[in-house]
Amino acid sequence: MSATDTARIIDGLELAKAVRDELVERIRGIHQEGSKVRLDAVIVDGNAAGSVYAASQARSCEQLGIEYELHELPADVEQSVVHETISRLNADPGVHAIMVHLPLPPGIDAEAVQSGIIPSKDVEGVNPANIGNVIYGRRSLVPCTALATIQMIEATGCILQGKRVVCVGASRIVGRPVAVLLMQAEATVISTNIHTVDLASLTRDADVVVTAAGVPGLLTGDMVKQGAIVIDVGINRVLDPETGKTQTRGDVDFDSVSQVAGWLSPVPGGVGPMTVAMLLRNTVDSAQQSQLS
Ligand code: NAD
């Protein structure tokens, strides 16, 4: 953690490195017992962005000692072939973890594909059974971005029980799973969306604000309580009118919020790297669980 004028920065790169260091040790232990850890990813019509992400995922796995296999399918693949690929990986005892790169081409039902991943290997937590298990308080593979968000809040030393938390955004992928995990931690949770009236009156009362709306600069300093924890999940590509170049910006107006908040996660270098670390941790959890069963 480092200090700015006011808000302390929740450094996602530093936290992600600590998670990776811990995983190296756990993976070494798994190898010593004669077992392996393996993640399989499926990509359809690997566009440039998807391939870059897959390549960086392969490097991360290699550094940690996780076996990684990418299954590349052509753009015109039939939905049934994608399902068959997933089914084959579900049935393979050597595969501990499965993920599907999005987006899938039009005509392929992403939700149906994700729901086809067996819950015990669903390391992105995209099979509805996994978030359902969280609601029932059972052991589960939890969506990585939501997990990263909770870890970043807790890294400040905050005990969530009894805290007032506002989630800005309620998507299936991010906002709702975050709200569910916060409820599980017994925080008092307000879930907001685009139809919420007077968002600022809610965020101003919050001990913790999580922004996952996809609206650059939505949360400004006048909307935040002095000393609050602010976690910025947004990743938005915006054009800088001065340089003409695109930049990555969060949903938080960093300059004004950093003058008021007690803790703030930056974009880039915040929730993004921690999300990747959580995927790797889920992969190791999944491999260890398969050893036990
Ligand atoms: P989405 O478009 O599916 O959902 C946006 C949500 O925000 C909706 O519930 C919508 O109602 C709400 N919303 C929009 N404007 C609002 C407003 N003015 N006030 C209150 N709520 C508002 O987006 P998503 O997939 O949930 O992604 C949200 C952001 O998080 C994006 O910037 C995305 O790039 C980013 N993201 C980051 C990670 C990560 O690892 N850091 C992962 C996934 C998504």
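How would you classify the range 34-118 from its alpha-carbon gyration tensor, with a ≥ b ≥ c the square roots of the eigenvalues: rounded for a/c under 1.5, else prolate if a/b is greater than b/c, otherwise oblate? The shape class here is oblate. Using the Karplus relation 6.51 cos²θ - 1.76 cosθ + 1.60 with θ = phi - 60°, the per-residue 3J(HN,Hα) values for the range 61-77 come to 5, 4, 4, 8, x, 9, 6, 9, 10, 9, 9, 9, 10, x, 4, 8, 5 Hz, with x marking Gly and Pro. Here the range 218-293 and the range 82-97 have alpha carbon centers that stand 32 Å from each other.
Kirkwood's formula applied to the C-alpha pairs of the range 97-202 gives a hydrodynamic radius of 14.9 angstrom.
Sparsely packed loop sites in the range 43-146 (the chymotrypsin sites (Phe, Trp or Tyr not before Pro) outside DSSP H, G, I, E and B with at most 16 other Cβ atoms within 10 Å) comprise TYR136. From the Cα gyration tensor of the chain, with a ≥ b ≥ c the square roots of its eigenvalues, which class applies: rounded if a/c is under 1.5, or else prolate if a/b is larger than b/c, or else oblate? Prolate is the answer for the chain, as a/c is 1.5 or above and a/b outweighs b/c.
Protein heavy-atom accessible surface, 1.4 Å probe, per residue over the range 143-272: 45 Å². Rounded to the nearest 20 debye, the dipole magnitude of the range 34-118 is 360 debye, with +1 charges on Lys and Arg beta carbons, -1 on Asp and Glu beta carbons, and the Cα centre as origin. Need one word for the range 96-151: rounded, prolate or oblate. Basis is the Cα gyration tensor (sqrt eigenvalues a ≥ b ≥ c); a/c below 1.5 gives rounded, then a/b vs b/c decides. Cα axes put the range 96-151 in the prolate bin. Applying both filters, DSSP loop and at most 10 other Cβ atoms within 10 Å, to the trypsin sites (Lys or Arg not before Pro) of the range 206-276 gives LYS245.
At most 12 other Cβ atoms within 10 Å plus a DSSP loop assignment makes a site exposed; report the longest stretch of the chain without any exposed GluC sites (Glu not before Pro). Counting at most 12 other Cβ atoms within 10 Å as exposed, the longest clean stretch of the chain is 79-185.
Taking the C-alpha atoms only, the angle from helix 12-32 to the longest principal axis of the chain is near 30 degrees.
Rounded to the nearest 20, the Cβ-based charge dipole of the chain about its Cα centre (Lys and Arg +1, Asp and Glu -1) stands at 600 debye. In deg cm²/dmol and to the nearest 500, what is the mean residue ellipticity at 222 nm of the chain if only DSSP H runs of at least 4 residues count, each as -39500 (n - 2.57), divided by the residue total? Roughly -12500 deg cm²/dmol at 222 nm, from the helical runs in the chain. Over all pairs of different C-alpha atoms, the range 143-272 has a mean inverse distance whose reciprocal, the Kirkwood radius, equals 14.4 Å. With K and R counted +1 and D and E -1, the other residues having a Cβ less than 10 Å from that of GLY269 yield a net charge of -2. Restriction of the trypsin sites (Lys or Arg not before Pro) in the range 33-115 to DSSP coil positions whose beta-carbon has at most 16 other beta-carbons within 10 angstrom yields LYS36.
Take the range 34-118 with all the other protein chains still there, run a 1.4 Å probe, and you get 49 Å² of accessible area per residue.
Computed from Cα positions, the angle between helix 175-184 and the longest principal axis of the chain comes to roughly 80 degrees.
Solvent-accessible area of the chain (1.4 angstrom probe, protein heavy atoms only): carbon and sulfur portion equals 53 percent.
The values are calculated or read from the model by the stated rules, or taken from the named source; none is laboratory data. Keep in mind the model is a prediction, meaning the values are calculated, not measured. Positions of Cβ are backbone-derived with ideal geometry, glycine not excepted, and every protein chain shown enters the neighbour counts. Calculation scope for accessible area: heavy atoms of the full protein, side chains included, ligands and nucleic acids excluded. Shrake-Rupley method; radii C 1.70, N 1.55, O 1.52, S 1.80 Å.
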